[in-house]
Amino acid sequence: MKIPYGWVREFAPLKLSAQDAADRLVNAGIEVASVTPVAPEGLRGALVGEIEAIERELGESRGHRLLLCRVRAGSQRFSVVCGAPNTRAGVRAAFAPPGATLPGLGAVTARKIHGVESQGILCSERELGLGDEHEAGLLLLDGDARVGADLVEQLGLDDHVLEIEITPNRPDCLSVLGVARELAALTGAPLRPPRIALRESGPRARDLARVEVKAPDLCRRYTLRVIDDLKVAPSPAWMRSRLRAAGLRPISNVVDITNYVLWELGHPLHAFDAAAVSDATIIVRRAQAGERFVTLDGQTRTLDDSMLVIADPARAIGLAGVMGGQNTEVSDTTTRVLLESAYFDPATTRRTSRTLQLKTDAAYRFERGADIEGLLDAGARTAQLMTELAGGTVARGVVDAYPRRRRPVRVRLRMARIERVLGIAPPPARARRILASLGLGVRPRGRDLEVDVPSFRRDLTMEDDLVEEVIRVWGYDRLPTTFSRGDVALARDSETGRQERLVRAVLVGAGLTECVTYAFSDPARAGELGAPAPLKLLNPLSQDASALRAHPLEGLLGVIATNFRKQQPGVRVFELGRTYEPSLTGDTSTAEPRWATLALAGARTDEAWHTPAATVDVYDAKGLAELVLAAFGMSATTRPGGRLSGFEPDSHATLQVGETVVGEFGEVAAAVRAAFGIPLPVFAAALSLDAVPLAPHAVRYAALPRYPSIQRDMAFVLTDPAATAAGIAAAIGEHAGPLLRDVQVFDVFRLPEGGRSVAYRLTFQADDRTLTDEEINTVHARVAEAVSRRFGITLRGN
């Protein structure tokens with residue numbers, strides 16, 4: 001928002017430069033993005049000139065009638081050729097004599113036009129760099145402008161503009177008066193608001209117009225004034241200049257006055273051409289679904305029933321809080337206006353503005369919260385200026401629809417609380433003056449203060465808000481420097497953090513790359529994975545991110561698909577993340593299981609002359625999952641099948657520790673791969689971190705064996721499908737006794753006559769002696785007999 005500093009100084013007689021004032025505001029929490037001069041760069045030497053006479057006509061050029069004018073600027077007179085349509089004797093206009101410079105045109109010199117020397121330029125707004133207006137003609141000045149005066153000073157261009165960025169909680173600073181109030185409080189200067197002295201006459205406003213609010217929840221207050229006998233004309237030069245400095249385009253005196261008061265007091269207003277309002281009746285209602293409306297910018301808008309409109313008995317005439325309608329626009333023929341000053345619901349205004357993509361200065365203020373009590377002053381100030389600058393007469397009184405009045409906000413401020421929060425407190429009298437300078441009503445209550453919060457400070461609701469007001473005006477530099485008391489404890493990682501760090505270290509050490517994917521999910525892909533119905537987001541970013549992840553592998557499968565599209569032959573990735581599912585327990589009715597997932601696809605290793613070509617298989621996924629469990633001192637058994645969907649049924653198994661399921665692994669189903677666009681087999685594992693201990697197992701060290709080990713092999717012929725290699729290995733360990741150190745399957749093949757041959761290698765070792773063949777042969781025979789009898793299988797070679 002652009003605030004001319006000279007305008008601010010009208011309300012607070014500050015002795016600060018514009019830059020110093022900006023620094024004070026920044027230190028008090030009001031951000032000033034820039035301080036720039038009002039005068040366009042390159043404008044120098046322009047004066048107030050008076051056209052004394054039109055000496056003769058020189059013909060036409062490009063459709064314009066060229067006139068030779070005698071121009072007076074101070075004690076000097078110049079002959080100037082001008083083709084502007086509003087050129088006439090007696091007017092005072094912007095004039096650049098020879099030697100002056102204009103933006104974009106450079107130095108002005110005398111030159112011949114149609115054979116006549118033109119000594120300077122009578123200027124339009126565009127030639128002065130003040131705006132785009134050129135076809136309307138010269139920039140005319142008020143009749144009391146001093147001839148020969150410096151144009152920059154005359155138009156108030158010897159000023160600076162503060163570009164202020166206001167946070168949403170401070171709508172009170174969206175005005176010149178609001179900024180002046182802040183600076184007056186910060187500097188101790190007196191605040192002098194614009195004096196409102198409204199003269200009313202004639203009939204009463206309520207006899208000339210009527211207001212009916214049909215949506216009081218969206219419009220808490222609506223006032224209407226009636227101004228008659230208006231003469232629509234250009235605004236005076238000082239107002240046009242001030243509006244341009246604020247970034248606004250002058251239109252006409254009636255419209256410019258509403259914009260001027262908007263910037264001055266911060267409250268939006270709108271003037272309806274009374275002749276275009278049916279029955280002089282204003283109805284504030286919800287829009288009808290599909291209702292069409294043409295706004296002031298000439299665009300046809302389609303409305304819905306969440307929007308609020310200003311209407312008459314026949315049709316809509318304005319979008320409440322956003323923009324007026326073309327059907328009641330003030331024109332050159334307007335003589336009576338109905339002046340609106342109202343309070344509209346911030347959320348509704350914002351929703352309407354965003355839905356229709358219609359951003360206006362009025363909507364910007366209404367959606368941050370207007371001053372429901374200050375709207376009366378804004379309406380009176382506007383009516384006053386219309387009488388002064390447009391010759392209007394104001395009907396007596398105001399039509400005020402205010403069904404539910406604002407409740408006063410009163411907050412007690414304890415001096416002890418200020419000291420407790422800040423570590424320091426000003427004297428009570430000083431705190432009282434600070435709050436009073438901000439426009440707050442303050443009464444002493446012993447050593448404490450009782451504060452009435454005005455309606456324009458919607459951000460002050462509790463005691464600590466007032467503490468902040470005191471310190472930002474008193475000065476943050478007054479806060480004492482204190483050192484923390486007590487010992488400073490070093491930051492420590494959480495137990496889950498240490499658990500995840502160990503998992504990360506194991507898998508990175510095994511050559512996998514960690515990935516971090518979004519927790520959002522595509523319901524279509526989640527459906528292909530066979531995951532349960534995902535939790536839907538209320539306000540999703542897009543359709544493919546409209547739910548929360550329900551299957552632990554969804555993120556990694558997307559990563560693998562991306563890598564294959566980028567021609568990566570082998571992918572080995574893992575992720576530590578969460579899934580989200582409904583839960584009947586907990587504060588949020590949602591459970592968030594934690595997972596360590598890994599996925600492998602393509603080549604097992606990079607191609608090299610010394611490495612045989614090989615692709616990953618399901619045992620790679622199983623081995624990596626077991627490697628993670630081993631880091632926590634866990635040894636898992638394998639059971640066919642599992643609860644997680646998305647795996648091939650004949651290549652899917654569960655990892656169990658005791659009776660606890662700690663994870664699953666297998667080959668990703670072909671249909672799932674097709675949904676993700678993955679051409680090669682993918683093998684994956686998912687470990688439940690909630691089922692894994694938070695801390696790793698204690699590492700125990702043992703001395704190296706002093707005596708050698710002995711190995712024996714035995715192979716069994718299995719004809720019964722119910723006999724498993726793992727069950728046989730367990731039986732071997734049970735019957736071999738304490739000398740057995742290890743048992744491993746080292747060979748499996750199918751026999752031509754049917755059945756399978758499974759070969760085991762048994763390692764024996766003693767801590768106190770070297771074992772003999774006789775000892776081991778005895779154990780070997782005992783194990784072979786017990787296992788053969790238990791499973792009904794045959795030892796090969798017998």
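The values are calculated or read from the model by the stated rules, or taken from the named source; none is laboratory data. Small disclaimer: the values here were computed from a predicted structure and weren't measured. Note that we place each Cβ from the backbone using ideal geometry, even for glycine, and neighbour counts take in every protein chain shown. Each accessible area value is taken on the protein alone, full model and side chains, heavy atoms only, with ligands, DNA and RNA left out. Shrake-Rupley method; radii C 1.70, N 1.55, O 1.52, S 1.80 Å.
Divide the volume of the convex hull around the Cα atoms of the chain by the residue count and you get 308 Å³ per residue. For the stretch 693-712, the residues whose backbone nitrogen is under 15 Å from a point 7 Å from the Cα of Asp747, taken along Cα to Cβ, are 712.
Each label was represented as a point 7 Å from its Cα along the Cα-to-Cβ direction; for Leu704 and Trp609 these points are 3.6 nm apart. Solvent-accessible surface of protein heavy atoms, probed at 1.4 angstrom with all chains present, puts Arg368, Arg221 in the order Arg368, Arg221, largest first. Note on Lys622: aspartates and glutamates with a C-alpha under 14 Å away, same-chain residues under 8 apart excluded, are Glu664, Glu667.
Most tightly packed first, judged by the mean number of other beta-carbon atoms within 10 Å of their residues, the peptides 230-243, 509-522 read 230-243, 509-522. Converting the Cα gyration tensor eigenvalues of the stretch 109-148 into ellipsoid dimensions via √(5λ) gives semi-axes, longest first, of 22, 15, 9 Å.
When you count the other C-beta atoms within 10 angstrom of each residue and take the mean per peptide, 604-611, 772-779, 576-583, 162-169 line up highest first as 576-583, 162-169, 772-779, 604-611.
The Stokes-Einstein estimate for the stretch 610-667, based on a Kirkwood radius over Cα pairs and taken at 37 °C with 0.692 mPa s viscosity, is a diffusion coefficient of 268 µm²/s.
Bridgeable lysines around Lys112 (alpha carbons under 21 Å apart, same-chain partners fewer than 8 residues away excluded) are absent. Taking a straight Cα-Cα cut-off under 14 Å and skipping sequence neighbours fewer than 8 places away in the same chain, the aspartates and glutamates within cross-link reach of Lys536 are Asp522, Asp544, Glu581. If you wrap the stretch 304-344 in the convex hull of its Cα atoms and look at it from every side, the mean projected area works out to 3.7 nm². Dipole check for the chain: with +1 at the C-beta of Lys and Arg, -1 at the C-beta of Asp and Glu, and the Cα centre as origin, the magnitude is about 2100 Debye.
Hydropathy first: keep DSSP H helices in the chain averaging at least 0.0 on Kyte-Doolittle, then drop any whose Cα extent along the axis falls short of 18 Å, and list what survives. Once both thresholds are applied, what remains is 375-390, 618-631.
The local environment of Leu358, defined by Cβ-Cβ distances under 13 Å, has a net charge of +2 under the rule Lys, Arg +1 and Asp, Glu -1. Just so you know, the Cα atoms of the stretch 423-468 work out to an Rg and Dmax of 10.3, 30 Å. Computed from phi, the 3J(HN,Hα) profile of the stretch 142-156 under the Karplus parametrisation 6.51, -1.76, 1.60 (θ = phi - 60°) reads 4, x, 8, 5, 6, 5, x, 5, 5, 5, 4, 5, 4, 8, x Hz, with x in place of Gly and Pro. Percent of C-alpha pairs per 10 Å bin in the stretch 708-798, short distances first: 16, 52, 25, 7, 1.
In terms of the mean number of neighbouring beta-carbon atoms within 10 Å, the peptides 673-680, 430-437, 740-747 order highest first as 430-437, 673-680, 740-747.
Summarised as an ellipsoid, the stretch 1-105 has semi-axes of 41, 15, 12 Å, derived from the eigenvalues of the Cα gyration tensor scaled by 5 and square-rooted, with the largest first.
Taking the three principal axes of the alpha carbon atoms in the stretch 263-336, the coordinate ranges are 34, 30, 22 Å, sorted in descending order.
Residues of the stretch 445-472 with an amide N closer than 11 Å to a point placed 7 Å from the Cα of Arg410 along the Cα-to-Cβ direction: 450-453.
When the Cα positions of Val71, Val699, Ile196 are compared along the charge dipole of the chain, Ile196 comes out farthest toward the positive end, with charges on each C-beta of Lys, Arg, Asp and Glu.
Per residue, the accessible area of the chain comes to 50 Å² when a 1.4 Å probe rolls over the protein heavy atoms.
With the simple model of a label 7 Å out from the Cα in the direction of the Cβ, Ala670 to Arg790 spans 4.0 nm. Near Asp305: Cβ cut-off under 9 Å, other residues only, Lys/Arg at +1 and Asp/Glu at -1. The net charge is -1.
For the pair the stretch 309-335 and the stretch 561-616, the centres of their Cα atoms are 61 angstrom apart. Within the P(r) computed for the stretch 148-229, what percentage of the Cα pairs occupies the region above 19 Å? Considering the stretch 148-229, 70 percent of its Cα-Cα pairs are separated by more than 19 Å. Counting only protein heavy atoms and using a 1.4 Å probe, what share of the accessible area of the stretch 317-364 belongs to carbon plus sulfur, as a whole percent? C and S fraction of accessible area: 42 percent.
Work out the P(r) tail for the stretch 585-705: percent of alpha carbon pairs separated by more than 25 Å, whole number. Roughly 37 percent, rounded to a whole number. Please say if the stretch 343-405 is rounded, prolate or oblate, where rounded means a/c under 1.5 for a ≥ b ≥ c the square roots of the C-alpha gyration tensor eigenvalues, and otherwise the choice is prolate for a/b larger than b/c and oblate otherwise? It comes out oblate by the Cα gyration axes.
Taking the accessible area of the stretch 654-780, probe 1.4 Å, and keeping the other protein chains in place, the carbon and sulfur fraction comes to 55%. Based on alpha carbons, the Rg and Dmax found for the stretch 335-491 are 22.0, 77 Å. Given their separation in residues at 0.36 nm each and the Cα-Cα distance between them, Ser75 and Thr482 gain 139.7 nm when the chain is fully extended. Positive contributions from Lys and Arg (+1) and negative ones from Asp and Glu (-1), summed over other residues with Cβ under 11 Å from the Cβ of Arg604, come out at -3.
Overall, the stretch 2-114 carries a charge dipole of about 440 debye about its Cα centre when +1 sits on the Cβ of Lys and Arg and -1 on the Cβ of Asp and Glu, all other atoms neutral. Residue separation of Arg565 and Gln326 scaled by 0.36 nm, minus their Cα-Cα distance, works out to 80.6 nm of gained length. Its residues counted as N, the stretch 484-575 yields a C-alpha radius of gyration over 2.2 N^0.38 Å of 1.47.
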